Protein chains: 2
Amino acid sequence: MSSTAAGDEVGPGPRTRVRRLPERARYDRATVEAVLDEGFVCHLGFCVDGEPVVIPTGYARVGDVIYVHGAPANYALRRAVEGDSVCLTVTLVDGLVLARSAFHHSINYRSVVVFGVAHEVEDWEEKRLALAAFVDHVVPGRNAGTRPPSEAELRATRVVKVEIMEASAKVRTGGPKDEPEDLGLGGIWAGELPFRVVAGSPIADGSAPVTAPVPPYVASYRRPGVEGEGRPPA
Amino acid sequence: MSSTAAGDEVGPGPRTRVRRLPERARYDRATVEAVLDEGFVCHLGFCVDGEPVVIPTGYARVGDVIYVHGAPANYALRRAVEGDSVCLTVTLVDGLVLARSAFHHSINYRSVVVFGVAHEVEDWEEKRLALAAFVDHVVPGRNAGTRPPSEAELRATRVVKVEIMEASAKVRTGGPKDEPEDLGLGGIWAGELPFRVVAGSPIADGSAPVTAPVPPYVASYRRPGVEGEGRPPA
């Protein structure tokens, strides 16, 4: 990441300075990368003839670059590459915040907004590495056991890399921040309701016999932000 | 929603026609509204001087309108209202799809992309209704029990309504779609890993005494897309 601030920071720059509730803002690389590495679906925004388009898509971070991919004819990716800049946002929802006042209800979350430029990856070796990174980002340990992409499949995949120019994170944690005069309203329950994502029982594909047992990286699926149940497969 | 197609459909229009994997596209109002009503965090995109900005924010749908809100000085909301159009995207992640080939790995999801115009809500009664809708959208039944917004708080909240001009949903469900020649690779486990969001044990606010018991809408929190555990409060 081309840092716009001293030290190991990736912001703030002109677009990422968090103006509202600046106490929630983080510009350090560790916070930004932790959010990017925990998420696996981003919202990619770009402008087409001055109008915004936001699409959800999978991604993987490799160093200072975020890869996204799609079919060569994928309209959104083509326009993203043609445009001058993209905005790529990742949001993790951690729970609800119930305050005594309606006004102070909130959501606990961690989000990262990245501004960057998108380029198509033409180098085949980089494409292979990016595609492996997608699989292993979502299911750590998965890629090695699968049938690798053929040349035709590589041709049939547009890989786009977003070089991070600026990034910022926003983080809200903890309970409600009620007005002092509302703290006496003990008759209104106030607090947090934490959310978590749980991976359920794996379901073997029914379209052809699956003789392999459920691999450990599925049976004990666990990555930051997702809790495995360790349930037997359905 | 100003429909651009016959019947009770909200698309496709020039911007929402799903070009890739059109079998995943849905334009019917029921599918679009079900996704909007299950989610509560959207990604709002707009263009500032031709450059895209995508921010996560809470929302609530009321009829053909989606409300978002923030502080009056909220930069993003101000620019969204000043711009000609916004794109508002909601994505629900339902699980992972593990194929025999790396190429056919996928994610099960439901998403909605809305194109619309954003207007500031000036009418106080509409603001009150929108703010109540935010609270009840995220925690059904919550709003009535809270201290309602004061005039100062209403002034301190910018409410923006996005009128839906066009919308489309994309839905992927089920197992992997491997190539026929890969179906014999029974030694590679293939299938789905379903994800779900679980609301954990409520945590009472520690900043002042909470004498009220955990209300039923928190203790038995359950809304589309979130499973309550019914655990005792922490």
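The values are calculated or read from the model by the stated rules, or taken from the named source; none is laboratory data. A quick note: this is a predicted structure, and the numbers were derived from the prediction, not measured. In this analysis, Cβ positions are derived from the backbone assuming ideal geometry, glycine residues included, and neighbour counts consider all displayed protein chains. Side chains are part of the model used for accessible areas, which takes the heavy atoms of the whole protein and leaves out ligands, DNA and RNA. Shrake-Rupley method; radii C 1.70, N 1.55, O 1.52, S 1.80 Å.
Quick notes on this structure:
- Projected label distance in nm at B:Arg128 and A:Asp49, using a 7 Å step from Cα toward the beta-carbon: 4.3 nm
- Solitary cysteines of chain A, where the nearest other Cys Cβ is not under 4.7 Å: A:Cys42, A:Cys87
- Using θ = phi - 60° and Karplus 6.51 cos²θ - 1.76 cosθ + 1.60, couplings along the range A:191-198 (whole Hz; Gly, Pro as x): x, 10, 10, x, 10, 8, 9, 10
- Qualifying trypsin sites (Lys or Arg not before Pro) in the range B:98-178, DSSP loop, other Cβ atoms within 10 Å at most 14: B:Lys177
- Chain B: most fluctuating residue of B:Ser111, B:Ser85, B:Ser150 per GNM, C-alpha cutoff 10 Å: B:Ser150
- If only the Cβ of Lys and Arg carry +1 and only the Cβ of Asp and Glu carry -1, the dipole of the protein assembly as shown around its Cα centre is close to 560 debye.
- Considering all C-alpha pairs of chain B, those separated by over 22 Å amount to 62%.
- Sulfur and carbon atoms: percent of accessible area, the protein assembly as shown [1.4 Å]: 54 percent
- Mean separation of Cα contacts under 8 Å, 6 or more apart, over the residue count of chain B: relative contact order %: 24 percent
- Whole-angstrom gap from the range B:162-234 to the range A:43-119, using each part's C-alpha centre: 20 Å
- When accessible surface is computed with a 1.4 Å probe, chains A and B are found to bury approximately 7400 Å² between them, both chains counted.
- 28 Å Cα-Cα threshold exceeded, pairs from A:Lys177/B:Lys161; B:Lys127/B:Lys170; A:Lys170/B:Lys161; A:Lys127/A:Lys170: B:Lys127/B:Lys170; A:Lys127/A:Lys170
- Only the Cβ atoms of Lys and Arg (+1) and of Asp and Glu (-1) were treated as charged; on that basis the dipole of the range A:148-188 about its Cα centre amounts to roughly 320 debye.
- Residues with amide H under 5 Å from that of B:Gly11, placed H, sequence gap 5 or more: B:Thr4, B:Ala5, B:Ala167
- Theoretical ellipticity at 222 nm over the protein assembly as shown - DSSP helices of four or more residues, -39500 (n - 2.57) apiece, nearest 500: -5000 deg cm²/dmol
- Calculated from backbone phi, Karplus (6.51, -1.76, 1.60) coupling profile of the range B:156-170 in Hz, x at Gly/Pro: 7, 10, 8, 9, 10, 10, 9, 7, 6, 8, 8, 8, 8, 10, 10
- Linear extension gain, A:Arg24 paired with A:Arg155, 0.36 nm per residue minus alpha-carbon span: 42.9 nm
- The phi torsions of the range B:84-100, fed into the Karplus equation with coefficients 6.51, -1.76 and 1.60 and a -60° offset, translate into couplings of 6, 8, 10, 10, 10, 10, 10, 10, 10, 9, 9, x, 10, 10, 9, 9, 6 Hz, rounded to whole numbers, with Gly and Pro shown as x.
- Here's how it looks for A:Glu229: its modeled amide H is under 5 Å from those of A:Ala199, which are all 5 or more places away or on a different chain.
- Annotation: amide H of B:Val62 within the under-5 Å range of B:Tyr67, sequence separation 5 or more or interchain, hydrogens built in the peptide plane.
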